[in-house]
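The values are calculated or read from the model by the stated rules, or taken from the named source; none is laboratory data. Everything numeric in this text was worked out from a predicted model, so none of it was measured. Each accessible area value is taken on the protein alone, full model and side chains, heavy atoms only, with ligands, DNA and RNA left out. Shrake-Rupley method; radii C 1.70, N 1.55, O 1.52, S 1.80 Å.
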Amino acid sequence: MRKLPRLTSVSLIDATVLGDAVAERWRQGKLLDRGEASGVRESELVVKSDRALVDLGRDGELSPEDSLLLGRSVIGKIERVGRWSSTFLLLTDSGYRGRAQLIHQTDSGFVFGAKGIVEGQGTALCRLKGIASTESVTVGDAVYTATRDGFSSVPLYYGQVVEATLGPNDSEWKVMVEPVPLPGDLTDVQILRTAVNQDRLSAGL
């Protein structure tokens, strides 16, 4: 039986967060003069956006929703992709959403718990929604990604539960999550990139 290559490939690539000064010059087109004169332009959606930028875009085969990592922790995701740069959402930004799962630590080891959606609130904490009142949630529980990304069977870390409250008539928990702290000068990150497998396409499979 012939084994076909996977349709998509997943890989980790290094990226740099553009500093404020460089990002501003990029948005103003001051770093695009040579390319612009040749008819080469960055996506205006990316250049004109006020969002933070990384120095990779379609040239790095990035896609919206690719995860932004600091070590083994998810700190955000790619939002919009231009030719040479991309905007990203941090985990705490309003508009961030990602599938998540609770992991409890017990005397006999770690146990996978309920799944929900982690959402940025525009504050220091995120909210984990969709955890039914019948599920177990404890302050100190870890929150990880709920999907297997093909890169590793080990889920990636979002943060830790710092608040879990349940009113008498609530159908789901109110769960607040504290993400990993970010350095004040966030520069070097990694992107978990999902791209179409060109070997599969070239083979017409």
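Quick notes on this structure:
- For region 66-116: span of alpha carbons on each principal axis (Å, largest first): 49, 22, 14
- For region 42-157: rounded, prolate or oblate by the Cα gyration tensor [a/c cutoff 1.5]: prolate
- Taking every protein chain into account, the accessible area of region 64-107 amounts to 42 square angstrom per residue (probe 1.4 Å).
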